[in-house]
There are 2 protein chains.
Amino acid sequence: MTHPLRKHIEEIISLTDEEFDFVLSHFEHIKKRKHQYLIQEGEIVNKEYWVIQGCLKSYFIDDNGKEHILQFGMENWWITDYESFVKQVKSKTSIDCIEDCELLYITFENREKLTAKMHKMERFWAKKSKIGRIALQNRILSLLKNSTKEQYEQLLEQYPKLFQRVPKKMIASYLGVSRETLSRLNP
Amino acid sequence: MTHPLRKHIEEIISLTDEEFDFVLSHFEHIKKRKHQYLIQEGEIVNKEYWVIQGCLKSYFIDDNGKEHILQFGMENWWITDYESFVKQVKSKTSIDCIEDCELLYITFENREKLTAKMHKMERFWAKKSKIGRIALQNRILSLLKNSTKEQYEQLLEQYPKLFQRVPKKMIASYLGVSRETLSRLNP
DNA sequence: TCTTTAAAGTGATGTAAATCACATGGGGTA
DNA sequence: TACCCCATGTGATTTACATCACTTTAAAGA
């Protein structure tokens with residue numbers, strides 16, 4: 001069976017068996033339990049994670065102690081604090097496991113090494129960066145354009161699995177509304 | 001005097017005179033008058049613009065006919081519909097001149113040619129893409145974290161020039177509040 | 001220059017969502 | 001089993017902002 005990461009990378013660039021083994025040798029494999037964290041606000045992040053199995057949230061706590069979720073991570077998604085990872089500054093966000101998780105990660109140094117030796121992978125990450133930017137742009141567009149109810153419905157349509165896996169208060173936190181408001185806009 | 005685009009590019013990579021001339025030969029120079037447009041919603045964008053002089057807005061009109069501004073462009077900023085440019089799909093946004101503008105643009109094809117012949121420029125744009133993504137991430141973070149008033153004050157602090165150049169109703173549209181609300185949260 | 005249009009402030013009113021408060025029911029754990 | 005915590009739903013109240021309406025002032029166009 002093909003490795004899930006290979007399948008994922010080959011959606012953008014193609015790899016020989018040897019090339020994929022070489023890529024994989026730059027990653028480490030870890031497991032985390034529900035409620036454990038990957039990243040804590042304030043640390044300088046030097047790992048980028050890829051989710052093999054499980055569900056995570058990236059979030060921050062505001063001045064009133066309220067949690068705001070920026071992103072969920074599930075199978076085949078990358079997750080890290082991108083600003084901290086790229087600029088090597090303190091992370092503004094934390095990342096916690098919502099379920100037991102199995103992950104691969106690559107360090108900043110290993111990513112540099114890998115892209116230096118394998119230009120293809122630079123193209124892969126450049127493409128990923130473009131896609132990520134477009135997704136963020138569209139989220140802002142949606143935040144400005146759509147009502148809370150419309151955003152909720154779009155999310156439900158786009159990621160129906162999410163609603164079976166995470167508590168609704170987290171969906172509310174992702175959408176930027178209170179738990180009560182989310183509860184009230186159901187069918 | 002150094003060309004402003006050269007100064008801009010050399011903030012990330014360094015160039016010889018010959019290299020810069022080569023880069024510049026892939027751009028075209030245009031002027032536009034206030035109220036003219038660069039991009040209209042629905043077209044497939046194949047140009048990326050760099051602002052030499054002037055001020056522009058990228059925006060879309062929602063179902064109620066209300067305008068939402070996603071980004072302003074001023075001197076030394078890049079502006080385009082990024083999704084349309086990268087994926088060659090229909091643009092969701094329009095771009096208009098708020099002042100008379102002087103711009104450089106590079107077409108999709110010329111950018112491909114240029115990066116193919118000059119790997120440095122690929123690095124330049126990859127870096128720009130990362131920075132752009134981080135800026136968007138931080139805008140979402142700010143939208144979730146800060147009150148309207150706080151966002152207004154941060155914008156005022158970060159881009160004081162903007163407030164002398166664009167009408168307040170556009171600031172309101174960028175912040176996602178009504179003209180009246182913005183007016184009421186002044187000192 | 002005069003005329004018209006756009007910008008910006010301000011009051012009155014309506015509305016969506018936050019907040020506070022409480023009730024119910026399921027899941028995990030001792 | 002019995003307990004408690006957590007998730008969720010729902011009512012009552014408060015609040016921030018939208019909307020409508022009108023005025024003043026400045027700027028753009030003929």
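All of the numbers you see were taken from the coordinates with simple rules; none came from a lab. All values reported here derive from a predicted model rather than from experimental measurement. Virtual Cβ from ideal backbone geometry, glycine too; neighbours counted across all protein chains shown.
Tell me which aspartates and glutamates have Cα within less than 16 Å of residue B:7's Cα, excluding those fewer than 8 residues away on the same chain?
Cross-link targets: B:17, B:18, B:19, B:21, B:75.
Once phi is turned into ³J(HN,Hα) by the Karplus curve 6.51 cos²θ - 1.76 cosθ + 1.60 with θ = phi - 60°, what whole-Hz value does each residue of the range B:62-76 show in order, with x for glycine and proline?
Using θ = phi - 60°, the values come out as 7, 4, 8, x, 8, 8, 10, 8, 8, 7, 9, x, 9, 3, 6 Hz.
Which cross-chain or sequence-distant (5 or more) residues have an amide H under 5 Å from the amide H of residue B:93, H modelled 1.01 Å from N in plane?
B:42
Quick check: from the Cα gyration tensor, does the range B:80-187 come out rounded (a/c under 1.5), prolate or oblate?
prolate
Cα centroid distance between the range A:164-187 and the range A:1-57, in Å?
29 Å
Based only on other Cβ atoms within 10 Å, what is the fewest-to-most ordering of A:180, A:19, B:150? Before the final figure, lay out the partial values.
Details: A:180 9, A:19 16, B:150 13.
Fewest to most other Cβ atoms nearby, the residues stand as A:180, B:150, A:19.
Extent of chain A along each principal axis, from alpha carbon coordinates, in Å, largest to smallest?
54, 32, 30
Would you mind checking A:127/A:169; A:57/A:145; A:149/B:87 for any pair whose Cα atoms are more than 27 angstrom apart?
Too far apart for the 27 Å limit: A:127/A:169; A:149/B:87.
Report the FRET efficiency, 1/(1 + (r/R0)^6), for residue B:12 and residue B:53, where r is their Cβ-Cβ distance and R0 is 22 Å, rounded to 0.05.
Numbers: r = 22 Å, r/R0 = 0.99.
The value I calculate is 0.50.
For residue B:71, which sequence-distant residues (separation of 5 or more, or a different chain) have an amide H within less than 5 Å of its own amide H, given hydrogens modelled in the peptide plane?
So residue B:71 has HN proximity to B:58.
Sorting A:163, B:20, B:27 on the 10 Å Cβ count, fewest up front, what's the list?
A:163, B:20, B:27
Need one value for A:139-148: mean number of C-beta atoms belonging to other chains within 10 Å of its residues' C-beta atoms.
Whole-number average of other-chain Cβ neighbours for A:139-148 is 5.
Step through the table entries A:32/A:92; B:90/B:161; B:32/B:90, compare each Cα-Cα distance with 29 Å, and write down the pairs that go over it.
Result: B:90/B:161 exceed 29 Å.
Each residue of the range B:141-157 in turn: what ³J(HN,Hα) in whole Hz from Karplus with 6.51, -1.76, 1.60 and θ = phi - 60°, glycine and Pro shown as x?
Karplus values, whole Hz, x for Gly and Pro: 4, 5, 4, 7, 8, 9, 6, 3, 4, 5, 5, 4, 5, 5, 5, 4, 6.
When only C-alpha pairs under 8 Å and at least 6 residues apart count, what is the relative contact order of chain B, in percent?
24 percent
Tell me the net charge near residue A:38. Cut-off is 11 Å between Cβ atoms, residue A:38 excluded, with +1 for each Lys or Arg and -1 for each Asp or Glu.
Around residue A:38, the surrounding residues sum to -1.
R0 = 35 Å: FRET efficiency of residue A:184 with residue B:43, Cβ-based, nearest 0.05?
Efficiency computed from Cβ-Cβ geometry: 0.30.
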